[in-house]
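The structure appears below as structure tokens.
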Amino acid sequence: MLNRNLTSEILAAAIEGFEVRKLRIGEQIAQVRQLLNGDQPAAASTPEPQQPRRKMSAAARKRMGEAQRKRWAAKSDAVTASEATASAS
């Protein structure tokens, strides 16, 4: 399970790290395919160009985080209220 204390910045950094790993693995797969094809470049070995990542200001990240915490609190309050109603019956 994911820790609920993870911030969006930590999660974004994790995604970025995994994307870098994915590119490296794709390059290694392309190299192995070239070896299999007798040093002929494989058509699937060229990675598609990626769009640059959108930059988000610290203020925008803060607003998004506060909104998400508000949604989680509302959901938690709703679950607690329904459990209290169920146990009272």
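Every number in this text was worked out from the coordinates using simple rules, so none of it is lab data. None of these values were measured; they are calculated from a predicted model. Cβ: placed from backbone, ideal geometry, glycine included. Neighbour counts: every protein chain shown.
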Please list, or write none, the lysines whose alpha carbon is within less than 25 Å of the alpha carbon of K70, excluding same-chain residues fewer than 8 places away. K55, K62
Provide the packing ranking of 78-87, 12-21, 48-57, 26-35, i.e. peptides ordered by the mean count of other C-beta atoms within 10 Å per residue, highest first. 26-35, 12-21, 78-87, 48-57
